[in-house]
Amino acid sequence: MVQFKFIIFASALLIFSSLSYASNMQVETAEPALSRLQGSVKVLRDHRYLNASYGMKLQKGDVIYTGRRGKVYINFPDNSRVKLGSKARFQVQNWENEQGIFTSALNIFQGAFRYTAGLIRGYTARKTTVTTKTAVIGVRGTDFWGRVEEDKTFFLLLEGEVSLTPTHGEKIIYNQALYAVNIKDTSISSPQNLDMKTIAPLAAETEIDF
């Protein structure tokens with residue numbers, strides 16, 4: 001009975017998260033912007049720490065820090081979203097419109113994160129990379145969750161397909177939904193299937209409390 005409740009909770013969390021994502025994308029913006037936040041969230045810009053606020057637009061190079069209980073959602077002009085859990089450090093390195101293609105380079109240095117590529121809007125295609133300490137993740141229209149640790153990146157694909165490239169390794173195309181891998185500098189572990197009981201607390205790490 002307890003396991004059944006966990007499965008229901010995890011499924012609802014993943015589905016509701018996607019639905020709330022679509023409903024919260026109300027304002028179109030030419031820059032990434034903070035759409036929701038809780039707790040302590042700061043933005044490092046030009047060597048100064050700024051207190052984050054709802055609707056705050058980001059500049060290229062901004063680094064976002066979340067505190068012990070901090071979480072934040074970042075909306076991007078192509079209708080994608082990044083969610084950060086507590087004690088995370090994330091940089092919007094660059095974004096631009098390359099002849100109708102939304103191109104962005106994102107860096108996650110620490111903590112839990114989730115990337116969701118919504119239905120593309122205002123562009124013909126997207127080209128996004130998410131770089132961690134040990135890997136480069138190439139977005140291919142997808143939804144994934146991860147955590148950057150000291151010597152590895154834990155990666156869980158929720159939906160779609162990505163490219164995964166260890167810092168000093170070979171690129172692979174990865175499309176095993178609900179399977180997780182650990183990515184180190186030179187290698188990617190064998191995929192491990194995760195049940196909903198395991199996924200639920202992971203997904204909750206990057207969800208803002210309602």
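No lab work stands behind these numbers, since they all come straight from the coordinates. Note that the structure is predicted; figures quoted are calculated from it, not measured. All Cβ positions, glycine included, derive from the backbone under ideal geometry; neighbour counts span all protein chains shown.
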**Per-residue Cβ neighbour rank within 10 angstrom, fewest leading, D62, D185, D78** = D185, D62, D78
**Net charge over other residues, Cβ less than 13 angstrom from the Cβ of S104 (K, R count +1; D, E count -1)** = -1
**Asked** Just for the stretch 2-205, what percent of DSSP beta bridges are antiparallel, to the closest 5?
**Response** 90
**12 Å cut-off, amide nitrogen to a point 7 angstrom out along T124 Cα→Cβ, residues in the stretch 96-117** = 98-102
**Request:** With Cα extents along the principal axes in Å defined as stated, name the option among (i) 55, 33, 24; (ii) 64, 38, 28; (iii) 46, 40, 34 computed from the structure displayed.
**Result:** (iii)
**Asked** Ranked highest first by average number of other Cβ atoms within 10 Å, how do 63-73, 170-180 line up?
**Response** 63-73, 170-180
**Message:** Under 28 Å between alpha carbons, and skipping anything fewer than 8 positions from K42 in its own chain: which lysines qualify?
**Reply:** K57, K60, K71, K83, K87, K127, K133, K152
**Asked** Around Y179, with a cut-off of 15 angstrom between Cβ atoms, what is the net charge of the other residues, counting Lys and Arg +1 and Asp and Glu -1?
**Response** -4
**Asked** Whose amide H sits under 5 Å from the amide H of M56, counting only residues 5 or more places off or on another chain, with H placed in the peptide plane?
**Response** L34
